[in-house]
1. Rounded, prolate or oblate: which fits region 137-274 when a ≥ b ≥ c are the square roots of the eigenvalues of the alpha-carbon gyration tensor, with rounded for a/c under 1.5 and prolate only if a/b beats b/c?
2. What full-extension length gain, to one decimal in nm, is calculated for ARG139 and SER48 as 0.36 nm per residue of separation minus the Cα-Cα distance?
3. Modelled label-to-label distance, SER89 and ASN122, 7 Å Cα→beta-carbon offset: nm?
4. Each residue of region 208-223 in order: what ³J(HN,Hα) in whole Hz does its phi give by Karplus 6.51 cos²θ - 1.76 cosθ + 1.60, θ = phi - 60°, with x for Gly and Pro?
5. In degrees, nearest 10, range 0 to 90: what is the angle between the Cα axis of helix 137-148 and the longest Cα principal axis of the chain?
6. What Kirkwood radius, in Å to one decimal, follows from the Cα pairs of region 177-256?
7. What residue among GLY69, GLY223, GLY179 shows peak mean-square fluctuation when the chain is described by a Gaussian network model with Cα springs under 10 Å?
8. What does the extension gain come out to for THR168 and ILE226, with contour length at 0.36 nm per residue minus their alpha carbon separation?
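Just so it is clear, none of the values below were taken in a lab; they were calculated from the coordinates. Not measured: the values here are computed from a predicted model. With ideal geometry, Cβ positions are generated from the backbone for all residues, glycine too; neighbour counts draw on all protein chains shown.
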Amino acid sequence: MKSPTKLLLFLAPLTVLAGPREPVETAPLDDRVVYVVPVATNRVTTVSFPGPIIAIDAANVTTDPRVPGQFQLAHTKGTAFFSVRAVASGVSANVNVRWAGNTYVFQLEENPVAVYSLILENKPGGGAVRPAPVLSPARLLALLDKAKTFPLLKTQHPEAVMDVDFATFEKRPQITDCGDYEIRIVEAYRFNTEDTLVFRLTIKNRLGEPIHYRPDSLALRVGNRIYHQSISDATGLVPPMSDATAYFAITGTPDGGRNEISLENDFAVLISRIPATPEPGDTNQPPVAP
């Protein structure tokens, strides 16, 4: 097997030790190289990607100061960066980052002359970003149906859902509290081939009157990014002091790339509520309840 090429952020060790260097570096995204990153014990080095990171795996790296490790790493789910600091002199470790369907490898090396910020950029022409699949309405409806019948398919036709990730949130509640109502994510499904996530929601009405919302307004917030629905199955009505179920899906990103969003993220769901008493001239009248 051909050994991976090393992409050094400095020309040679002697160059770094001999004089000052730029604290901010940029490098092209390439999943076939190893990024060697100098990290200091008294400084923080931040590595930034063009979009949210899916997952991070590391050896000899800790995220808890109370747990021994050669490097300390900090990362918030849904964000596009992570930060590291060396704990001792002369140590090294590797970190693998999953982003946009690829794995990027970093070799951390303790060095008093460190990089403070490493910014990874797309290759010219956007070659590092894969476009999201184009799904027809019929295909999106089929994904909703698969999500609704997932337990049955998993038991009787497992080959039909081999590429589907599933998560339930009983132990890690995902609730968006909006005062008069709350939106709880009950289950989530990720269809990896289609780069589509499907969510089953429960919308709880705390009022003694119905709540109306736009069924086409469902959106997902992950970190500081918002993804609007590609399809939904929602009535737009939550009866007084009751719950209503809704399904919706997101596909790709707003700019046409793959989102590669992991189900391990923290999610918030947004809807556009229709006022019970519209303003004069408002054409967004509440739908008539069946």
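1. Note, shape of region 137-274 comes out prolate.
2. Residue separation times 0.36 nm, minus the Cα-Cα distance, leaves 29.3 nm.
3. Rounded to a tenth, the inter-label distance reads 4.4 nm.
4. x, 9, x, 10, 10, 9, 7, x, 8, 9, 4, 8, 10, 10, 10, x
5. 90
6. Numbers: mean 1/r = 0.0752 Å⁻¹.
Its Kirkwood hydrodynamic radius stands at 13.3 Å.
7. GLY179
8. Net length gain for the segment: 18.7 nm.
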